[in-house]
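The values are calculated or read from the model by the stated rules, or taken from the named source; none is laboratory data. For clarity, every value in this text was computed on a predicted model and none was experimentally measured. Cβ placement follows ideal geometry from the backbone for every residue including glycine, while neighbour counts extend to all protein chains displayed. For accessibility, only protein heavy atoms count, side chains too; no ligands or nucleic acids. Shrake-Rupley method; radii C 1.70, N 1.55, O 1.52, S 1.80 Å.
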Amino acid sequence: MARILLVEDDEAIRRTLTRGLQESGAVVTTASTAVEAIRTLSTDRPEIILLDLGLPDGQGVENVRTLRAVDHRPAIIVLTGLDDERVAVEALKLGAQDYLLKGETDAEQLLRLIRRSIQRNRQTVQLEHQRDSAYLAATREPLTLLPNLPLLLELARQQQAELRGQQALVLGVLVLDGL
């Protein structure tokens, strides 16, 4: 099963979820604050984070933003006691894979959701990697990784548009291609 980081400040919920997940074969690490979760992310490599939105040192979707900034690779499932669709949508926009109301999901549903979230997240990370590689290949010289001519011209056009009407230094470029 998966390596899970459970970030939950309620000890009873943390114990219940940990026990159920470990019985299914998951390796569970726990944290009760955002600071502990950040510390854990710097040493462990969880596949998924079950994240409470109401922590003593962080509230709401900012918890998603904070953990995403530390490590964008793990999938995140948000756990909350609030039935607020706006919060769910905002958490998803920030990179959470799913959103659960505490106490409304049984162990089997949670495990299915974890598996689906991990798979979806792997696909997302793979697509992001492919996009970044394609962009790098399209905009950089292969040997030096310096910007290629189309990128330099686009950057010059953007700079020209920003400086339109202002005094600016003009730089000319001589391209000796094929030598």
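Some values worked out for this structure:
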item	result
Selection from region 1-35 of residues that are open to solvent by 50 Å² or more (accessible area, probe 1.4 Å), within 18 Å of the chain's Cα centre (by Cα) and closer than 15 Å to residue 74 by Cβ	3
Yes/no for residue 87 being of a type in the set (Val, Ile, Thr) and part of a strand (DSSP E or B)	no
Qualifying positions in region 128-171 - aliphatic (A, V, I, L, M) and not in a helix (DSSP H, G or I)	143, 145, 146, 168, 169, 170, 171
Considering residues of region 59-76 that are surrounded by 23 or more Cβ atoms within 10 Å (Cβ to Cβ) and not aliphatic (A, V, I, L, M) only, the residue nearest to the chain's Cα centre (by Cα)	74
Residue among 134, 156 that alone is under 30 Å from residue 98 (Cα atoms), surrounded by 10 or more Cβ atoms within 10 Å (Cβ to Cβ) and of a type in the set (A, V, I, L, M)	134
Lone unmet requirement of (1) closer than 24 Å to residue 125 by Cβ; (2) open to solvent by less than 80 Å² (accessible area, probe 1.4 Å); (3) in contact (Cβ under 8 Å) with a residue 40 or more places away in the chain for residue 54	(1)
Subset tally (residues that are of a type outside the set (Lys, Arg) and part of a helix (DSSP H, G or I)) for region 90-107	4
Residue identified as under 27 Å from residue 45 (Cα atoms) and at pLDDT below 90 among 100, 113, 169	100
Any chance residue 18 is touching a residue at least 12 places away in the same chain (Cβ under 8 Å) and within 22 Å of residue 69 (Cα to Cα)	no
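One line per residue, one yes/no per condition, for (1) polar (S, T, N, Q); (2) within 25 Å of residue 24 (Cβ to Cβ); (3) part of a strand (DSSP E or B); (4) in contact (Cβ under 8 Å) with a residue 24 or more places away in the chain:
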| position | (1), (2), (3), (4) |
| --- | --- |
| 36 | no, yes, no, yes |
| 39 | no, no, no, no |
| 109 | yes, yes, no, no |
| 119 | yes, yes, no, no |
